[in-house]
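S.K.: Got a structure here, written out as structure tokens. Questions coming.
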Amino acid sequence: MDKKYVVDLSQQMRPEEEVNFPFSIDLKDATESMPELEHDADAWYKIGYVSMCTHNGTHVEVPYHHLQEGMDLAEFPLHQMIGSMVLMDFSHKKIGEEITLEEVRKYDGKIQEGDIVFIKTGMDSLFRTGNWVKYPYVALDAVHYLIDKKIGCLGTDAAGIEDNDIPNQPAHVALFRAEIPLVESLTNLDAVKDGEYMVFILPLPIVHGDASPVRVTAVAKSGLCV
């Protein structure tokens with residue numbers, strides 16, 4: 001496939017540079033892990049050991065994040081994280097402002113069952129800064145509206161969707177009770193157009209995993225037909 005059809009919507013993960021959750025990688029010579037391996041002294045042959053949070057970088061959260069009996073990463077159906085992208089643009093919103101039900105309902109005619117709905121706020125510019133947790137939040141009734149639309153997945157380029165003045169993350173819980181995953185810290189949404197892309201969100205199938213960093217890939221529908 002021609003690269004012009006593919007857009008990466010994921011933040012880079014940079015060892016020792018993250019400010020939200022620590023992330024490091026220890027590159028060891030392969031023989032330290034597998035002594036039976038042999039290689040020339042000047043050969044580069046490394047095996048990395050990674051220390052990170054499941055919520056590092058662009059990541060997807062599944063019901064087990066908030067629901068003890070909810071599906072974990074290994075159980076969650078992968079097909080639900082692949083679908084047509086609907087892009088809702090709220091980049092005019094300021095930090096702390098509410099994205100209302102009325103504003104979300106303006107996209108009603110575009111949202112079909114199973115769609116991947118992404119919210120563009122422009123707050124990805126704050127990623128890897130001390131202000132990364134500041135963003136416009138999504139009203140709870142707007143979240144329930146999207147649940148009623150039976151979307152496949154919800155995502156945002158901000159650090160979250162919650163009104164941080166309300167405890168226990170009710171928007172997360174509502175999504176997870178409806179078995180809808182949530183992607184946080186997307187980026188590069190300026191590079192995609194609403195209705196023109198398929199999205200692929202592929203987490204690691206971790207048993208007891210509540211979340212996983214993901215490489216979120218948007219592929220132009222026109223490219224899929226080539």
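Laboratory data are not the source of any read-out in this text; all were calculated from the coordinates shown. Since we're looking at a predicted model, the values are computed, not measured. Reconstructed Cβ throughout: ideal geometry from the backbone, glycine too, with neighbour counts over all protein chains shown.
S.K.: Using the 10 angstrom Cβ neighbour count as an exposure proxy, how do 53, 225, 153 rank, fewest first?
M.R.: Values: 53 14, 225 7, 153 23.
Final ranking by Cβ density, sparse to dense: 225, 53, 153.
S.K.: Might you report the magnitude of the Cβ-based charge dipole of the chain about its Cα centre, with Lys and Arg at +1 and Asp and Glu at -1, to the nearest 20 debye? Intermediate results must be reported in sequence, preceding the final value.
M.R.: Details: 19 positive and 37 negative charges, 159 e Å.
Here the chain has a charge dipole of around 760 debye.
S.K.: What does a probe at residue 94 reach in segment 102-146, counting residues whose amide N is under 13 Å from the point 7 Å along Cα→Cβ?
M.R.: The answer is 136.
S.K.: While we're here: For residue 59, enumerate residues with amide H under 5 Å from its amide H, sequence gap 5+ or separate chain, H modeled in the peptide plane.
M.R.: Amide H neighbours of residue 59, under 5 Å, 5+ apart: 184, 214.
S.K.: Now for a separate question. Calculate, in nm to one decimal, what residue 36 and residue 75 gain on full extension: separation in residues at 0.36 nm each, minus their alpha carbon distance. Let's see the in-between values first.
M.R.: On the way: separation 39, 0.36 × 39 = 14.04 nm, distance 3.54 nm.
Extending this stretch completely gives an extra 10.5 nm.
S.K.: Let me have the relative contact order for the chain, percent, based on Cα pairs under 8 Å that are six or more residues apart. Walk me through the intermediate numbers first.
M.R.: Values: 499 pairs, mean separation 68.9, N = 226.
About 30 percent, as a whole number.
S.K.: Right, something else. Label point 7 Å out from residue 21 along Cα-to-Cβ: which residues of segment 163-184 have amide N under 12 Å?
M.R.: Residues 184 fall inside that zone.
S.K.: Next question. In what order do 147, 166, 99 fall by count of nearby beta-carbon atoms within 10 Å, going from fewest to most? Each step should come with its number before you reach the end.
M.R.: Working: 147 17, 166 11, 99 21.
Arranged by neighbour count, lowest to highest, 147, 166, 99 become 166, 147, 99.
S.K.: Let me ask another. Looking at the chain, identify the longest residue range that excludes and avoids all GluC sites (Glu not before Pro) in DSSP loops having at most 16 other Cβ atoms within 10 Å. Walk me through the numbers on the way to the answer.
M.R.: On the way: sites that count: 16, 17, 36, 38, 69, 75, 97, 113, 179, 196.
That would be 114-178.
S.K.: How would you rank 221, 149, 4, going from fewest to most other Cβ atoms within 10 Å of each one's own Cβ? It would help to have the intermediate numbers written out before the result.
M.R.: Values: 221 14, 149 18, 4 9.
So the residues, fewest neighbours to most, are 4, 221, 149.
S.K.: Enumerate the whole-percent occupancy of each 10 Å bin, from 0 to the last occupied one, for all C-alpha pair distances of the chain.
M.R.: Taking every Cα pair in the chain, the percentages come to 8, 31, 35, 17, 7, 3, 0.
S.K.: Report Rg (one decimal) and Dmax (nearest whole number) for segment 36-166, counting Cα atoms only, units Å.
M.R.: 19.0, 65
S.K.: Putting +1 on Lys and Arg Cβ atoms and -1 on Asp and Glu Cβ atoms, find which of 222, 12, 1 reaches farthest to the positive end of the dipole of the chain.
M.R.: Selected residue: 222.
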